1. Taking LYS61 as the anchor, which lysines have their alpha carbon closer than 20 Å to its alpha carbon, excluding any fewer than eight residues away along the same chain?
2. Counting other beta carbons within 10 Å of each Cβ, put THR40, THR103 in order, fewest first.
3. Taking other Cβ within 10 Å of each residue's Cβ, how do ASP39, ASP99 sort, fewest first?
4. Can you put ILE94, ILE60, ILE45 in order, fewest other beta carbons within 10 Å first?
5. So which trypsin sites (Lys or Arg not before Pro) in segment 41-118 pass both tests, a DSSP loop state and at most 10 other Cβ atoms within 10 Å of the Cβ?
Amino acid sequence: MNGQTVSRTPHFALHRVALPSAVPVAVEPLNKPLFAVQDTWLGVIVPKRWAKRAVTRNTIKRQIYAVSTDAGCMLPVAAHVVRLRAGFDRTKFISATSDVLKTAVRAELRQLFAGAKP
């Protein structure tokens, strides 16, 4: 979370940290670099505070990973974190894994990744 916020939507935030250009060679196994390969890395934070049910958290995580693979070519080489920053209204999305919830999450994630500037 030390990186900058590159995109926001009402429910999600996308954070990015640039990877070091030269990865030092580790002599000891405990000093291995965190990102040994220069690639696009993605992490997900879906707190229980904003999605109470585990099935909802897992559904949101699956949607994030699915949309990110579609948008993978747009993200630059860096470490990214998608964070759920607000809950979805439980009166509007009654079922924890409804198609309506999945569609709303996917639409907002496409908007989030489209707003991420390289």
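1. Answer for LYS61, where 20 Å is the Cα cut-off: LYS48, LYS52, LYS92, LYS102, listed by chain and number.
2. Numbers: THR40 15, THR103 11.
In order of increasing Cβ crowding within 10 Å: THR103, THR40.
3. Values: ASP39 11, ASP99 8.
With the fewest neighbours first, ASP39, ASP99 line up as ASP99, ASP39.
4. Details: ILE94 10, ILE60 25, ILE45 16.
Fewest to most other Cβ atoms nearby, the residues stand as ILE94, ILE45, ILE60.
5. On the way: sites: LYS48, ARG49, LYS52, ARG53, ARG57, LYS61, ARG62, ARG83, ARG85, ARG90, LYS92, LYS102, ARG106, ARG110; in loops: LYS48, ARG49, LYS52, ARG53, ARG85, ARG90, LYS92.
Passing sites in segment 41-118 are LYS48, ARG49, LYS92.
Any read-out appearing in this document is the output of simple, stated calculations on the displayed coordinates, not a laboratory observation. Fair warning: this is a prediction, and the values are worked out from it, not measured in the lab. We place every Cβ from the backbone using ideal geometry, glycine too, and count neighbours over all the protein chains shown.
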